[in-house]
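Peer 1: Here you go, one structure.
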Amino acid sequence: DVKVTQSSRYLVKRTGEKVFLECVQDMDHENMFWYRQDPGLGLRLIYFSYDVKMKEKGDIPEGYSVSREKKERFSLILESASTNQTSMYLCASSFSGVGAGSTDTQYFGPGTRLTVL
Amino acid sequence: AQSVSQHNHHVILSEAASLELGCNYSYGGTVNLFWYVQYPGQHLQLLLKYFSGDPLVKGIKGFEAEFIKSKFSFNLRKPSVQWSDTAEYFCAVGPYTGRRALTFGSGTRLQVQP
């Protein structure tokens, strides 16, 4: 079974703090993703990475950065946390699909519920 | 840019009722389509997916979905729901080539009453 783990289930930070969210997958997946999940808005893509040291902006990258130094690990960084970044953050990973299309099934971690006070 | 619409935000059904959740997407090219489910307190998991071939796709726990290309739709169905199907359901679309990320709908919260 694919396992995607996230460093914390719950996190409380203060406005202006630098926040690191860590994600690790154990299936040698090329692609890794960070989403935020908000009620009524579904999942929105923040950043994704298709290889080590490679990253691409998603739909809502403002206020976030990412780091992927190793294939299995993908970090989301909030440079200066703000209250509007209070949310559930989900990490996912997938293979680069071959044959049946390049968008393969994504496997999700349990999420980190971040509260910024 | 691609987008996904889920028209039902909150659905309440009694056990044994039939379920159909709507999903429409906007994208000009070939797509892969997914339904994910999030049970209370659990992480998102795949319910079913369509890549190619038979447009009627069967997934876990008796769910199925039909891809209708002409309508840009991928509706989820189940003939008889159970209390354990109470969850939030997300439709997602990913392009066949290019950006390898999914675009998700806003989700449908299903509440099944015993």
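Peer 1: At a Förster radius of 22 Å, what calculated FRET efficiency corresponds to the Cβ-Cβ distance of B:Lys71 and B:Ala17, to the nearest 0.05? Present the calculation step by step, with values, prior to reporting the outcome.
Peer 2: Details: r = 24 Å, r/R0 = 1.09.
For B:Lys71 and B:Ala17, the calculated efficiency is 0.40.
Peer 1: Rank B:Phe104, B:Phe34, B:Phe51 by mean-square fluctuation in a GNM of chain B with C-alpha springs under 10 angstrom and give only the top-ranked residue.
Peer 2: Of B:Phe104, B:Phe34, B:Phe51, the Gaussian network model singles out B:Phe51 as fluctuating most.
Peer 1: Oh, and also: Add +1 for every Lys or Arg and -1 for every Asp or Glu among the other residues with Cβ under 13 Å from the Cβ of B:Leu76, and state the total.
Peer 2: On the way: positive: B:Lys49, B:Lys58, B:Lys61, B:Arg77, B:Lys78; negative: B:Glu20, B:Glu64, B:Glu66, B:Asp85, B:Glu88.
Overall, the nearby charge balance is 0.
Peer 1: At a probe radius of 1.4 Å, what is the per-residue accessible area of A:Asp51, in Å² to the nearest 10?
Peer 2: 80 Å²
Peer 1: Using the Cα centre as the reference, give the magnitude of the dipole from point charges on the C-beta atoms of the range A:1-112 (Lys, Arg: +1; Asp, Glu: -1; all else neutral), rounded to the nearest 20 debye. List each step's numbers first, then the result.
Peer 2: Working: 14 positive and 15 negative charges, 73 e Å.
Using only the charged Cβ atoms, the result is roughly 340 debye.
Peer 1: Could you look at the range B:3-113 and say what percent of its accessible area is carbon and sulfur, using a 1.4 Å probe and all protein chains? Write down the numbers at each step before the final one.
Peer 2: Details: 2580 of 5060 Å².
Accessible surface attributable to carbon and sulfur in the range B:3-113 totals 51 percent.
Peer 1: How much of the calculated P(r) for chain A lies past 16 Å, in percent of all Cα pairs? Walk me through the intermediate numbers first.
Peer 2: Numbers: 3885 of 6786 pairs.
Every Cα pair in chain A considered, those over 16 Å come to 57 percent.
Peer 1: Quick one: length gained pulling A:Arg73 to A:Asp28 fully straight, 0.36 nm per residue minus the C-alpha distance? Spell out each step's value before the answer.
Peer 2: On the way: separation 45, 0.36 × 45 = 16.20 nm, distance 1.01 nm.
Here the answer is 15.2 nm.
Peer 1: How big a patch of accessible area, both sides summed and in Å² to the nearest 100, lies buried between B and A at a 1.4 Å probe?
Peer 2: Numbers: alone 6340 and 6530 Å², together 10860 Å².
Counting both chains, the buried surface is close to 2000 Å².
Peer 1: Over 25 Å apart: what share of the alpha carbon pairs of the range B:3-113 falls there, rounded to a whole percent?
Peer 2: It works out to 16 percent of all Cα pairs.
Peer 1: While we're on this one: With θ set to phi - 60° and the Karplus curve 6.51 cos²θ - 1.76 cosθ + 1.60, what are the ³J(HN,Hα) couplings of the range A:58-66 in order, to the nearest whole Hz, using x for Gly and Pro?
Peer 2: Values per residue, Gly and Pro as x: x, 8, 9, x, 4, x, 10, 9, 9 Hz.
Peer 1: May I ask you to evaluate 6.51 cos²θ - 1.76 cosθ + 1.60, the Karplus curve with θ = phi - 60°, for each residue of the range B:69-85 and list the ³J(HN,Hα) values in order in whole Hz, giving x for glycine and proline?
Peer 2: Rounded to whole hertz, the list is 4, 5, 9, 6, 10, 8, 7, 9, 9, 8, x, 8, 7, 10, 4, 6, 7.
Peer 1: Would you work out the charge dipole size for the range A:54-95 about its Cα centre, treating the Cβ of every Lys and Arg as +1 and the Cβ of every Asp and Glu as -1, and quote it to the nearest 20 debye? Present the calculation step by step, with values, prior to reporting the outcome.
Peer 2: Numbers: 6 positive and 6 negative charges, 46 e Å.
Here the range A:54-95 has a charge dipole of around 220 debye.
The values are calculated or read from the model by the stated rules, or taken from the named source; none is laboratory data. As the structure is a prediction and not an experimental result, all values here were calculated from the model. In this analysis, Cβ positions are derived from the backbone assuming ideal geometry, glycine residues included, and neighbour counts consider all displayed protein chains. In case anyone asks, the SASA skips ligands and DNA or RNA and just uses the protein heavy atoms, side chains included. Shrake-Rupley method; radii C 1.70, N 1.55, O 1.52, S 1.80 Å.
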